[in-house]
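For reference, the structure is listed below as structure tokens.
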Amino acid sequence: MSDGLAAKKSDRLLEPVERISEALFGLIMVLTFTCSISVGEAARDDVRTMLVGAFGCNLVWGVIDAILYLMGSLAERGKQSAPERPRLTGKDWLAALGIFLWVFLITIPVAIPFVAVRDVRLALRISNGIAVVLLFVAGYAFGRSSGLRPGWTGVVMVLLGSALVAATIALGG
């Protein structure tokens, strides 16, 4: 990697893989809520409860992820400047805000069908379709960023994301 590219890469608030990871994290979290609703028996109150849970969960996990990012930045800076007391920069806080937003806002496209469509079964199918597309897009982007075959990486991400959601639901998460 040339020095110019290394400098350019470090100017980013979040690297592409970090952004993709945060989007995947948020998607998996929201999918554990949307996929756990029983469409055969779900009433509008059940949908409302599920949406509050999904948004609340991603809100809190966005905050947690942002705090962990700040802690990691502080620890890394502490290693680099031994005699100095490490401090967070404005860029660190902005990146943490970006992390929070990625985790929280990814909830919206997956949740919209439950607000816009009265039939819970249809809303779930539309929501899952949106989630599959988002998983594929994230996998595709990861493939491009990592030098992998983007199309296949997108397919693998759909399969991996689905397996992680299923495991999370099965384990009560």
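The numbers here are math on the coordinates, done by the rules we state, and not lab data. Here the structure is a predicted model, which is why all the values come from computation and not from measurement. Positions of Cβ are generated from backbone atoms using ideal geometry, with glycine treated the same way; all protein chains shown enter the neighbour counts.
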Each residue of segment 126-135 in order: what ³J(HN,Hα) in whole Hz does its phi give by Karplus 6.51 cos²θ - 1.76 cosθ + 1.60, θ = phi - 60°, with x for Gly and Pro? 5, 4, 5, x, 4, 4, 4, 4, 5, 4
At R0 = 22 Å the Cβ-Cβ FRET efficiency linking F55 and T168, nearest 0.05, sits at 0.80
Positive dipole terminus of segment 1-146, leading residue within L94, A116, F104 (C-beta point charges): L94
Computed [θ] at 222 nm, deg cm²/dmol, the chain (DSSP H ≥ 4; -39,500 (n - 2.57); rounded to nearest 500): -27500 deg cm²/dmol
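Based on the mean of other Cβ atoms within 10 Å per residue, sort peptides 119-125, 71-77, 29-35 so the most packed one is first.
29-35, 119-125, 71-77
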Grab the other residues whose beta carbon is less than 13 angstrom from that of A43, score K and R as +1, D and E as -1, and report the net. 0
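Starting from 0.36 nm per residue, how many nanometres of slack lie between L159 and V17 once their C-alpha separation is accounted for?
49.3 nm
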Can you give the FRET efficiency for S145 and L97, using 1/(1 + (r/R0)^6), R0 = 22 Å, r = Cβ-Cβ distance, to the nearest 0.05? 0.50
